[in-house]
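Worksheet for the structure shown next.
No value in this document is a laboratory result; all are computed from the given coordinates. Not measured: the values here are computed from a predicted model.
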Amino acid sequence: MTETAPTREDAYKLLTEYNKNESLIKHALAVEGVMRYMARKRGEDEDKWGVIGLVHDLDYEQFPDQHCKKTEEILRANDWPEDYIRAVVSHGWGICSDVKPESELEKVLFTIDELTGLVATSALVRPSRSVLDMKAKSVKKKWKDKRFAAGVDRSIIEKGADMLGAEIGDLITDTIMGMREVAEDIGLKGKPA
């Protein structure tokens with residue numbers, strides 16, 4: 001087991017080794033951006049949170065039927081620290097993993113993984129196609145329409161919000177703020193007015 005924490009470079013190299021799909025890579029970058037933002041806001045280790053966000057779906061493109069399990073194998077084979085591996089696996093709790101999110105980092109990852117999808121989809125239907133001019137209320141309007149971004153499991157976001165003791169609106173705002181920091185990289189800079 002390595003004594004040093006994996007770097008962002010290590011994480012990005014693994015991400016792009018196992019993922020070629022542009023939308024999956026953009027999702028990973030969005031989650032990384034939000035995790036970094038949330039870590040800063042909480043006075044936590046931004047690099048650790050970001051790196052974990054970047055690799056959270058490492059196995060999804062090649063092994064969707066073994067999601068989280070293959071990532072655990074890959075990270076272990078690359079000598080990643082156990083707490084990083086546990087955090088990544090916990091984001092699939094109740095779906096493809098029985099590892100319940102316990103730390104603040106794990107709860108945030110569990111919650112915002114789905115939420116970044118809803119925010120991204122909401123941004124793409126805006127005239128600006130951007131997160132830079134988006135507010136939480138426009139995402140909350142879309143939240144109510146179950147046909148909109150139907151692939152986003154809102155119950156997971158609600159369960160995560162409960163675990164964090166946070167309001168959905170506040171989490172949406174934080175997710176937007178984190179995604180703004182990586183807007184260009186995730187294709188959501190658009191053309192704000």
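Pairs of Cα atoms in the range 116-193 fall into 5 Å distance bins, from 0 up to the last occupied one, in shares of 3, 17, 28, 25, 18, 7, 2, 0 percent. Separation of the alpha carbons by more than 32 angstrom is noted, of K13/K146; K70/K191; K26/K137; K26/K135, for K13/K146; K70/K191. Summed over qualifying helices (DSSP H, 4 residues or more, each -39500 (n - 2.57)) and divided by its residue number, the chain shows a 222 nm mean residue ellipticity of -18500 deg cm²/dmol.
Taking a ≥ b ≥ c as the square roots of the eigenvalues of the Cα gyration tensor, the range 9-117 is classed as rounded, since a/c falls below 1.5. Of K48/K142; K48/K107; K107/K159; K100/K140, which sit over 20 Å apart, Cα to Cα? Pairs exceeding 20 Å: K48/K142; K100/K140.
In nm, what is the difference between 0.36 nm times the number of residues separating D170 and E104 and their Cα-Cα distance? Kindly include the intermediate steps, with their values, before the conclusion.
Numbers: separation 66, 0.36 × 66 = 23.76 nm, distance 1.58 nm.
Full-extension gain reported as 22.2 nm.
Taking A183, A39, A150 in turn, the Gaussian network model of the chain (Cα-Cα springs below 10 Å) assigns the largest fluctuation to A150. For the chain, the membrane-span-like helices by this rule, meaning whole DSSP H stretches whose C-alpha atoms cover at least 24 Å of axis and whose Kyte-Doolittle mean is -1.0 or above, are 22-42, 104-124; this says nothing about an actual membrane. Comparing E22, E102, E61, which has the greatest mean-square fluctuation in the GNM of the chain with Cα pairs linked when under 10 Å apart? Judging by the Gaussian network model, the answer is E22.
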